[in-house]
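Quick notes on the structure that follows.
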Amino acid sequence: MVLPLSQLVQQLNHKKAEFLSYDTALAQVRQAYQQALKTWQQQTIADITAAIDPQIPDWGARPIEPWHQGWRIPLEIQWPHRQAAREWAMTQLMDVTTVAVDGSQIVPSEELFLPVGVVQAGWFLNPHRRDRPYAKEIVLELITPAELRQAEEQLRQPQIYRFHERYIHLRRFELELKTLRERMAEVTAPALLLFDGSFVATFAESYAPEWQRRYVAALCQTLAASRQHQIPLVAYIDSSQARDLVTLLGYLEQLAPSPHLSDAQLLSTVLTQWGDRSPVFICDRGGILERYGPWAKNIGFCYLKAHQGYPVRLELPLWLYEAGLLDQVIRWLCGELITGQGYPYALEAADQLAVLQGSDRQAFLKQLQVWAEGVGMELRFSRKWVSKQQRR
């Protein structure tokens, strides 16, 4: 069955007023925040600090890097053609080891009356040296029914809906970061490690405390490893919905909160040229960050104009900025972006390596069935799945 496009168009026309009303309201809010941005990016860090009510514990964002042209720090490099850009990228990345990790999973489902899952992390390492080829590998973990049962006992939560799926996602997250730390311990400077996601696990705030502890532990261990090994680590968020700067400007101008306006949208009028970035701010949104211990106020962020869309968000352990490495890291990252044509090449390679498709899921179930028959174990599949296999 295909999507009935004629009905969709009819519904869109019928509800046009609702769409237009939402767009108008958002435009008015955006205009107010744009004016606030225009005002405060002309001030100094001291001015902003003095203007914030001292009773406010979490500002959203705390500025730490001085600026001279508003909240825009240009790359100040242009190329006459694409080939010149690629040559510049190769020059920046020569002898720099870039590493990226991504993950995927197969969660328990109704197809099989046995709770079992798979998580895997794919890593890609490119030394950018003529005498050393790139390396890539997949790390796989099978999640057994016994492990899922044990997790149910250890990770109790009020809502048990989709528990197994949540747990598989947690294990994938932990495996990705564990793999990243393992590669970090092996490489030598100069190197850059990239993580696809945020270092601030706001998504886990609705989870039970023990779940939060697991997510936070994985992240803080990875941030600490970066500092210990002095290897730059950057979280790359391509479509960020973070609102830390929006929160800061709201406090400064006493504006009504705007849950539908993001920092990336706001900065799109400031970071207009490829390679432009914002100054570095400390992420100060409170919430789950209160569980981060010494890292609660030691995660920085900035935004980078990486492609034609909204600026991307970069998060980093603050030691990287304090060590004076950020400008060089930005150039390495821009080299990755040129090579990957708008997305870091290493992250793209890791994603292609790690991703599990629907065909992989079917192969997993069939292999599980063959293995079970070989060891004398009976597996029960849903009639729907059996029927699909018979038709193929």
Using a Gaussian network model of the chain whose springs link C-alpha atoms within less than 10 Å, name the residue from P63, P108, P133 with the highest mean-square fluctuation. P133
Can you tell me how much longer the chain between A50 and R213 gets when fully stretched, taken as 0.36 nm per residue apart minus their C-alpha distance, in nm with one decimal? 55.2 nm
Beta bridges by DSSP in segment 174-332, antiparallel share as percent, to the nearest 5: 75 percent
Where in the chain lies the longest segment free of GluC sites (Glu not before Pro) that are both loop residues by DSSP (not H, G, I, E, B) and have at most 15 other Cβ atoms within 10 Å? 112-377
How high is the relative contact order of segment 193-236, given as a whole-number percent (alpha carbon pairs under 8 Å, six or more residues apart)? 67 percent
Roughly to the nearest percent, how much of the accessible area of segment 133-282 is carbon and sulfur, given a 1.4 Å probe? 50 percent
Test of understanding: express the Cα radius of gyration of segment 190-262 as a ratio to 2.2 N^0.38 Å, with N the residue count. 1.38
Cleavage-rule hits, chymotrypsin sites (Phe, Trp or Tyr not before Pro), segment 105-206, DSSP coil, Cβ neighbours within 10 Å at most 11: F113, Y161
Have a look at the chain and give its Rg and Dmax from the Cα atoms, expressed in angstrom. 23.7, 73
In whole percent, how big is the carbon plus sulfur part of the accessible area of segment 19-113, probe 1.4 Å, protein atoms only? 54 percent
Hey, how much of the P(r) for segment 246-330 falls beyond 16 Å, as a percent of Cα pairs? 60 percent
Residue-level accessible surface for H81, protein heavy atoms, 1.4 Å, Å²: 100 Å²
Using distinct alpha-carbon pairs, which all enter the 1/r mean, Kirkwood radius of segment 53-121 in Å: 18.9 Å
L8 paired with H68, simple spin-label distance in nm, labels 7 Å along Cα-to-beta-carbon: 5.0 nm
Globularity index of segment 270-386, i.e. its alpha-carbon radius of gyration over 2.2 N^0.38 Å: 1.67
With the contact rule set at Cα under 8 Å and sequence spacing of 6 or more, what percent relative contact order holds for the chain? 23 percent
Would you kindly derive the ³J(HN,Hα) couplings of segment 51-63 from the backbone phi angles with the Karplus curve 6.51 cos²θ - 1.76 cosθ + 1.60 (θ = phi - 60°), listing them in order in whole Hz, with x for Gly and Pro? 7, 7, 4, x, 6, 7, x, 10, 7, x, 9, 10, x
Determine the per residue accessible area of segment 52-163 with all protein chains present and a 1.4 angstrom probe, expressed in square angstrom. 58 Å²
Cα gyration tensor of segment 102-235 - equivalent ellipsoid semi-axes, whole Å, descending: 31, 18, 10
What number does segment 26-80 give for Rg over Rh if you use C-alpha atoms and the Kirkwood radius? 1.08
Once you have the Kirkwood Rh of segment 1-153 from its Cα pairs, apply Stokes-Einstein at 20 °C and 1.002 mPa s and quote D in µm²/s. 91 µm²/s
At 1.4 Å probe size, with no ligands or nucleic acids counted, give the accessible surface of R291 in Å², nearest ten. 110 Å²
Straight-line reach from K136: which aspartates and glutamates have Cα under 16 Å away, leaving out those fewer than 8 places along the same chain? D102, E176, E182, E186, E348, D351
Please list 3J(HN,Hα) in residue order for segment 34-46, calculated via the Karplus relation 6.51 cos²θ - 1.76 cosθ + 1.60 where θ = phi - 60°; whole Hz, with x for glycine and proline. 5, 5, 5, 4, 4, 6, 7, 6, 8, 9, 10, 4, 4
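The values are calculated or read from the model by the stated rules, or taken from the named source; none is laboratory data. Given the structure is predicted, the values throughout are model-derived calculations rather than measurements. All Cβ positions, glycine included, derive from the backbone under ideal geometry; neighbour counts span all protein chains shown. For accessibility, only protein heavy atoms count, side chains too; no ligands or nucleic acids. Shrake-Rupley method; radii C 1.70, N 1.55, O 1.52, S 1.80 Å.
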